[in-house]
Ligand code: TXA
Ligand code: MG
């Protein structure tokens, strides 16, 4: 049974321990309840996707307790500084360039060069972040496709045993997810409308700011999402390795051969990664983007990827692999 616990100091301290152990905690924010996990722990991030039943890995928002901490993970230009000063803590998420030594899991940012950051306007959320001592990634605490929860009972009804504890602090003040503004390249664009409006943001930046959905170029909301795309072609469902290819393995490769002779296991280390030797989908998800990047270099003619079972978290892994394989032929 999932425990709904009143979010007092003792409950927050216990929840912080759970987070440090890789657990998932539903936390109140001013917008909606979030399903929080350690942003630095790839396996915890994989558990979040699995708990939500997300069929793909949408990048997650990293939540911080202070601007100083956010700056260790994201690059703040003048615009970001100004918006942080005006609207944080509050329902504004900024998509910024990922900082060079940002330690957030590649799975949480879906392999992108950018990262979404925000400071929630809720003391419980900030106290939990401080007590855990790490940034927390937190999508809305509901099953994918369901309504965002604005009260603890909604979380319990939607996620049940998938969440280790629910920190209860009544109803959310705003009740709608944060505004997401993309400042990662050139013109600022609002990717998701929220309580902070285009006018609010324009008045601080002193430039007009538009909603992405206003643009005639965008045909469906799904196209708003950027995808990580390796430069090297990706070959799926590989049962062997061709000359010049790198191998992204899953499970045992004891019996896998290299075309023209030899064993996959003897490939040079720069050409071989294993998502999970034990065939653990959580471990595989946590490794996915980092390993694709490591194998993505001009020395390889392609990245051969072994079959990943299409169940549970495997569905999201395969979704991303398919996009990576198709990216060179698809319009960006
Ligand atoms: O109010 C909120 O933002 C809540 C609370 C819990 O903080 N969280 C939330 O998270 O709504 P989620 O995962 O449901 O929504 C995150 C949004 C998605 O639309 C995602 O595509 C976008 O932020 N996003 C995250 N990282 C991004 C990135 N690097 N580039 C573009 N969009 C990004
Ligand atoms: Mg959501």
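For residue 97, the requirement of being in contact (Cβ under 8 Å) with a residue 40 or more places away in the chain and more than 16 Å from ligand 2 (Cβ to nearest atom) is met.
All conditions in (1) within 15 Å of ligand 1 (Cβ to nearest atom); (2) touching a helix residue (DSSP H, G or I) at 6+ places or on another chain (Cβ under 8 Å); (3) in contact (Cβ under 8 Å) with a residue 40 or more places away in the chain hold for residue 42, with the sole exception of (1). Within segment 53-82, restricting attention to residues that are out of contact with any helix residue (DSSP H, G or I) (no Cβ under 6 Å at 6 or more places or on another chain) and assigned to a helix (DSSP H, G or I), the residue that is nearest to residue 319 (Cα to Cα) is 70.
The residues of segment 131-168 that are assigned to a loop (DSSP other than H, G, I, E, B), surrounded by fewer than 21 Cβ atoms within 10 Å (Cβ to Cβ) and in contact with a helix residue (DSSP H, G or I) (Cβ under 6 Å, 6 or more places away or on another chain), listed by number, are 143, 144, 146, 164. The selection criterion, being buried (at least 18 other Cβ atoms within 10 Å of the Cβ) and more than 18 Å from residue 107 (Cα to Cα), does not hold for residue 36.
Selection of segment 116-166 for residues being farther than 21 Å from residue 73 by Cα and more than 15 Å from ligand 1 (Cβ to nearest atom) yields 153, 156, 157, 160, 161, 162, 164, 165.
Residues of segment 85-102 that are closer than 16 Å to residue 30 by Cα and in a helix (DSSP H, G or I): 87 alone.
Considering only segment 292-306, state which residues are under 19 Å from residue 56 (Cβ atoms) and touching a helix residue (DSSP H, G or I) at 6+ places or on another chain (Cβ under 9 Å).
Quick first cut of segment 292-306, residues under 19 Å from residue 56 (Cβ atoms) only: 292-293, 305.
Correct list: 292, 305.
Annotation note: Cβ proximity below 6 Å between a residue of segment 177-192 that is under 20 Å from residue 99 (Cα atoms) and in contact (Cβ under 8 Å) with a residue 24 or more places away in the chain and a residue that is within 16 Å of ligand 2 (Cβ to nearest atom) and in a strand (DSSP E or B) (sequence gap 6+ or interchain) occurs for 180/93; 180/191; 180/192; 182/95; 182/191; 184/95.
The set of residues from segment 15-34 being in contact with a strand residue (DSSP E or B) (Cβ under 7 Å, 6 or more places away or on another chain) and within 11 Å of ligand 1 (Cβ to nearest atom) comprises 26, 27, 28, 32, 33, 34. Just checking, which of 125, 116 is touching a residue at least 24 places away in the same chain (Cβ under 8 Å) and either surrounded by fewer than 20 Cβ atoms within 10 Å (Cβ to Cβ) or over 23 Å from residue 190 (Cα atoms) (or both)? Sole residue among the options that is touching a residue at least 24 places away in the same chain (Cβ under 8 Å) and either surrounded by fewer than 20 Cβ atoms within 10 Å (Cβ to Cβ) or over 23 Å from residue 190 (Cα atoms) (or both): 125.
Picking from 178, 203, 184, 215, which residue would you name as being surrounded by fewer than 20 Cβ atoms within 10 Å (Cβ to Cβ), closer than 23 Å to residue 77 by Cβ and modelled with pLDDT of 90 or more? Show your work before the answer.
Numbers: 178 fails: surrounded by fewer than 20 Cβ atoms within 10 Å (Cβ to Cβ); 184 fails: surrounded by fewer than 20 Cβ atoms within 10 Å (Cβ to Cβ); 215 fails: modelled with pLDDT of 90 or more.
Sole residue among the options that is surrounded by fewer than 20 Cβ atoms within 10 Å (Cβ to Cβ), closer than 23 Å to residue 77 by Cβ and modelled with pLDDT of 90 or more: 203.
When you scan segment 35-76, how many residues do you find that are touching a strand residue (DSSP E or B) at 6+ places or on another chain (Cβ under 8 Å) and closer than 30 Å to residue 186 by Cα? Residues meeting the conditions: 13.
Taking the criterion of being more than 13 Å from ligand 2 (Cβ to nearest atom) and more than 11 Å from the chain's Cα centre (by Cα), the residues of segment 47-64 that qualify are 47, 50, 55, 63, 64. Scoring residue 75 on the criteria (1) within 16 Å of ligand 1 (Cβ to nearest atom); (2) under 26 Å from residue 170 (Cβ atoms) leaves a single failure, condition (2).
Within this structure, residue 194 passes the test of being over 20 Å from residue 48 (Cα atoms), within 16 Å of ligand 2 (Cβ to nearest atom), surrounded by 14 or more Cβ atoms within 10 Å (Cβ to Cβ) and at pLDDT below 95. Apart from one condition, residue 179 fits all of (1) within 15 Å of ligand 1 (Cβ to nearest atom); (2) farther than 26 Å from residue 128 by Cβ; the exception is (2).
The values are calculated or read from the model by the stated rules, or taken from the named source; none is laboratory data. Predicted model, so just to flag it, every value in this text is computed and none were measured. Heads up, the Cβs are rebuilt from the backbone with ideal geometry, glycines too, and the neighbour counts pull from every protein chain shown.
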